[in-house]
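Student: This is the structure I want to talk about, given as structure tokens.
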Amino acid sequence: MKGRRIYNRISVLREERDLSRKDLAEKIGVNFQTVGYLEREEYNPSLDLAFRISEVFGLPVEMIFSIEPLPLLSQELLNQQKRRGE
């Protein structure tokens, strides 16, 4: 069975936090090239790796990874505000 494509926001989150691929790789315990493969969506993370990435960014896994293309973070925040009636 062919795996599904997993979309992610790793590069955006990494850039927001001024982390290099090497910095993130050290924090999650992988080679910096693996971070590149993840960012280009050439490699799907294991569940454990997805949780480690989530912990580094302090965000729920579903805000970083999705099986559908992810909207821009600014759009997602706006949608959340609308749902709360702000």
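Student: Yes or no: the stretch 68-86 includes at least one residue that is part of a loop (DSSP other than H, G, I, E, B), crowded, with 16+ Cβ neighbours inside 10 Å and either in contact with an Asp or Glu (Cβ under 9 Å, 6 or more places away or on another chain) or not acidic (Asp, Glu) (or both).
Tutor: Scanning the stretch 68-86 turns up at least one residue that is part of a loop (DSSP other than H, G, I, E, B), crowded, with 16+ Cβ neighbours inside 10 Å and either in contact with an Asp or Glu (Cβ under 9 Å, 6 or more places away or on another chain) or not acidic (Asp, Glu) (or both).
Student: While we're here: Check the stretch 16-30 and report whether any residue there is free of Cβ contacts under 8 Å to residues at least 40 places away in the same chain, part of a helix (DSSP H, G or I), touching a Ser or Thr at 6+ places or on another chain (Cβ under 8 Å) and surrounded by 10 or more Cβ atoms within 10 Å (Cβ to Cβ).
Tutor: Scanning the stretch 16-30 turns up at least one residue that is free of Cβ contacts under 8 Å to residues at least 40 places away in the same chain, part of a helix (DSSP H, G or I), touching a Ser or Thr at 6+ places or on another chain (Cβ under 8 Å) and surrounded by 10 or more Cβ atoms within 10 Å (Cβ to Cβ).
Student: Also, I was wondering about something else. Scanning the stretch 1-15 for residues that are of a type in the set (D, E, K, R), exposed (fewer than 15 other Cβ atoms within 10 Å of the Cβ) and in a loop (DSSP other than H, G, I, E, B), which turns out modelled with the lowest pLDDT?
Tutor: If we take residues in the stretch 1-15 being of a type in the set (D, E, K, R), exposed (fewer than 15 other Cβ atoms within 10 Å of the Cβ) and in a loop (DSSP other than H, G, I, E, B), then Lys2 is modelled with the lowest pLDDT.
Student: Filter the stretch 56-67 down to residues that are part of a helix (DSSP H, G or I) and at pLDDT 95 or above and give me whichever is surrounded by the most Cβ atoms within 10 Å (Cβ to Cβ).
Tutor: Out of the qualifying residues, it is Ile64.
The values are calculated or read from the model by the stated rules, or taken from the named source; none is laboratory data. Quick caveat, the model's predicted, so the values are computed rather than measured. In this analysis, Cβ positions are derived from the backbone assuming ideal geometry, glycine residues included, and neighbour counts consider all displayed protein chains.
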